[in-house]
1. Among the trypsin sites (Lys or Arg not before Pro) in region 177-275, which ones are in a DSSP loop with at most 15 other Cβ atoms within 10 Å of the Cβ? Mind listing them?
2. Given region 2-280 reduced to its alpha-carbon atoms as identical point scatterers, what log10 I(q)/I(0) does the Debye formula return at q = 0.12 Å⁻¹?
3. Just name one of 94, 136, 218: the one whose Cα is farthest towards the positive end of the charge dipole of the chain (beta-carbon charges, Lys/Arg +1, Asp/Glu -1).
4. Output wanted: per-residue J couplings in Hz (rounded whole) for region 238-247, from phi through Karplus 6.51 cos²θ - 1.76 cosθ + 1.60, θ = phi - 60°, x for Gly and Pro.
5. Taking just the alpha-carbon atoms of region 156-281, what radius of gyration and Dmax come out, in angstrom?
6. Once R0 is set to 25 Å, what does the formula 1/(1 + (r/R0)^6) return for the Cβ-Cβ distance between residue 280 and residue 71, expressed as a FRET efficiency to the nearest 0.05?
7. Checking the table 149/242; 182/248; 187/242; 149/187 against a 21 Å threshold on Cα-Cα, which pairs fail?
8. Just tell me the longest site-free run in the chain, where the sites are GluC sites (Glu not before Pro) in a DSSP loop having at most 12 other beta-carbon atoms within 10 Å.
Amino acid sequence: MNKRIKTALILTPILLLSLASSIFTFLLVLTLIFFIVAETNLLLTNERRNFRILVYFILFIPLYLILIGWVDYSVIINSILHFLSLVIGILLITAGIINKDKEITGRTQFSYLEGRATVEFLLRESSALFFITGVSCILLLYESFSDLKWIIIPVLTVFVVDSTSYLIGSKFGRHKINLLSKLSPNKSLEGYAAGYVAGILFFLFINFLFNSPITGFYLNFILAFSLPFFAIIGDLYASGIKRNFGVKDFGSILPGHGGILDRLDSIVITLTLLSLVKAIL
C-alpha cells in the first residue's frame, strides 16, 4: 500500500502540470494512448506486438484524433464507441468465464481464451478501444485551466472509491459474490459497498467545496450515485480482461500499481460520462 501511495503522490503533480497548456495535454493523451496499445498487446509474440503498435499509430490513431478534434458531435460518437466496446467486452468476459474448462499452467492466473483466437482478438481490440476513447475524453473535457474541475472531480472520486474499497475490503471483507469473485477474487461485498457509499459522499462534498461546474441539484445527485457505480464497473471490467488473458497486471511500470491501465480502468469510464454531461450542458 505504501508503494501505491508514493506512486500516486509522484504522478499527481505530473498529471496536473501536463494540463498547463493544450500542447502538454495533447502529449499526455498521446503518451497514454501509446501505453494503452502497448499494454493491451496481450498474448502476442514480440513480432506481432510491434506490428500491432505500428498499425495503430500509422493508421488508426491519426484518424481517430482527427475525428475527436474536428468532427461534429465527436463527444457523442466517442461515447458510443466507448460504451459499445464496454458492452462487447462484458459479453466476451462473461462468455470466457462460462467456457472456462481448464487451468493453464505457467501463468499467474487462468486463461479463459486458450484456443479461441477470434474471441481473443475481439476482446483485445475492444479493450484497447475502451481505454483509448476514455483517455481521449481529456481532450473533450479540458480546453482551458477553468475546465480543471471536470478532470479533478472524477479522478479524486475514483481514488476515494478505490482506496475505500481496498481498505475496508482487506480488513472487514467477509462475503464474496460468486460471479464477481471469478473476476477479482480478493474483492468483497463489504469493500464494494464501502467504496460506493464513500464515492457518493465524496462526490457531493467535493462538488460543494469546488463550486461544481455542473449546475442543477438533481443532476449532481444523479451523478453522485452514477460515478462511483461506473468506477466499480470499470474496475471489474479491467479485472475481467486480465483474468481472461491470464495475467495479474497489464504491466509493471508503476511500483505497487501494475501497469498504466491498472490505474485508468475506473477513471476512463467516469471521464466519458462527464464528457457527455458537459456536452449536454
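Where a number appears in this text, it was derived from the coordinates with a stated rule and is not lab data. Just so it is clear, the structure is predicted and the values come from calculations on it, not from any experiment. Neighbour counts are summed over all protein chains in view; Cβ atoms, including those assigned to glycine, are modelled from backbone coordinates with ideal geometry.
1. Taking region 177-275 and a limit of 15 other Cβ atoms within 10 Å, the loop trypsin sites (Lys or Arg not before Pro) found are 248.
2. The calculated log intensity ratios at q = 0.12 Å⁻¹ are -0.76.
3. The residue sitting most towards the positive pole is 94.
4. 5, 4, x, 4, 5, 4, 5, 8, x, 10
5. Values for region 156-281 (Cα only, Rg and Dmax): 15.2, 44 Å.
6. 0.90
7. 149/242; 149/187
8. 144-281
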